[in-house]
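The values are calculated or read from the model by the stated rules, or taken from the named source; none is laboratory data. Since the structure is predicted, the reported quantities are computational estimates derived from the model, not experimental observations. In this analysis, Cβ positions are derived from the backbone assuming ideal geometry, glycine residues included, and neighbour counts consider all displayed protein chains.
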Amino acid sequence: MAAQRYHQSMRLRCWLLIAAWLLMSVLASAQTTQPAADSQPTASQTTSPPPARAVKQSAVAAAASAAKQARDSAPPIKVIRNHDLSDGSNPPDAAKSESKPGDVEPSAGQAKEIQEEEEEEQETRQFEIQGKTFQNQIRVQKGKIIGIKNHITSLKNQFDAWSTEFAQDSGASACWTSTYYMPYYKSYCDTGRNLKAQYDAAQTQLAQEKARLQEMQENIRRKGYGNAVYDPD
């Protein structure tokens with residue numbers, strides 16, 4: 001509606017200006033095209049000058065008055081902005097209330113869902129990080145057990161070599177009897193008895209570390225981790 005009023009006012013103003021211009025043109029042409037009465041001026045014509053100046057002044061005044069009336073009668077010019085060109089289907093308040101899809105704030109339910117998804121992702125990341133930690137702990141424990149087994153193997157080999165060396169002297173088994181305290185046996189029995197003590201201690205430690213490994217694996221399994229975590233290669 002605002003655009004129609006604007007175009008109507010402009011057309012009215014243009015028509016008034018055209019009418020004023022035509023009026024001025026007609027008056028000017030009427031003044032310049034008046035034919036002379038005869039080819040020779042009469043005495044009355046020479047004695048009294050024609051009233052051309054007065055006619056011209058009256059025509060100009062009439063044109064100016066018509067232009068002034070056109071300006072006064074024309075409605076004021078209104079600057080048309082983009083929001084004034086609405087087709088009327090959406091009122092200004094409704095247009096302001098409309099927002100872009102990216103600017104729409106989530107509802108309470110959507111915000112809760114987003115928060116739950118973020119918390120779930122965070123828990124998943126923490127679960128994976130903790131799983132890596134458990135996996136490394138299991139590997140360290142397995143490495144410790146392997147080290148104990150290697151130590152036991154070494155002790156066993158040393159003990160077997162010692163037993164073979166003294167087999168001709170009534171056997172190494174005499175070192176674990178009362179014969180050990182005899183000066184003849186004590187000089188070489190200390191080595192065998194020491195190797196045997198280390199071997200037994202290593203066997204006990206191996207059993208303890210194996211039990212600890214099983215306990216660690218069971219706890220990790222109960223936390224929801226799979227075989228790749230609690231029993232890695």
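Summary of values
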quantity: Given (1) surrounded by 16 or more Cβ atoms within 10 Å (Cβ to Cβ); (2) over 30 Å from Glu123 (Cα atoms); (3) hydroxyl-bearing (Ser, Thr, Tyr), index of the condition Tyr225 fails; calculated: (2)
quantity: Boolean, Ile146 is free of Cβ contacts under 8 Å to residues at least 24 places away in the same chain, outside the structural domain of Arg193 (by TED's automatic domain parsing), surrounded by fewer than 14 Cβ atoms within 10 Å (Cβ to Cβ) and β-branched (Val, Ile, Thr); calculated: no
quantity: Positions within the stretch 205-226 being farther than 14 Å from Lys142 by Cβ and assigned to a helix (DSSP H, G or I), in sequence order; calculated: Gln205, Ala207, Gln208, Glu218, Asn219, Arg221, Arg222
quantity: Residue match in the stretch 206-214 (condition: loosely packed, with under 14 Cβ neighbours inside 10 Å and more than 20 Å from Asn227 (Cα to Cα)); calculated: yes
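Condition check ((1) out of contact with any helix residue (DSSP H, G or I) (no Cβ under 8 Å at 6 or more places or on another chain); (2) in contact (Cβ under 8 Å) with a residue 40 or more places away in the chain; (3) exposed (fewer than 13 other Cβ atoms within 10 Å of the Cβ)) across all residues:
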{"residue": "Leu155", "(1), (2), (3)": "no, yes, no"}
{"residue": "Thr164", "(1), (2), (3)": "yes, no, yes"}
{"residue": "Tyr180", "(1), (2), (3)": "no, no, no"}
{"residue": "Thr191", "(1), (2), (3)": "no, no, no"}
{"residue": "Tyr199", "(1), (2), (3)": "no, yes, no"}
{"residue": "Ile220", "(1), (2), (3)": "no, yes, no"}
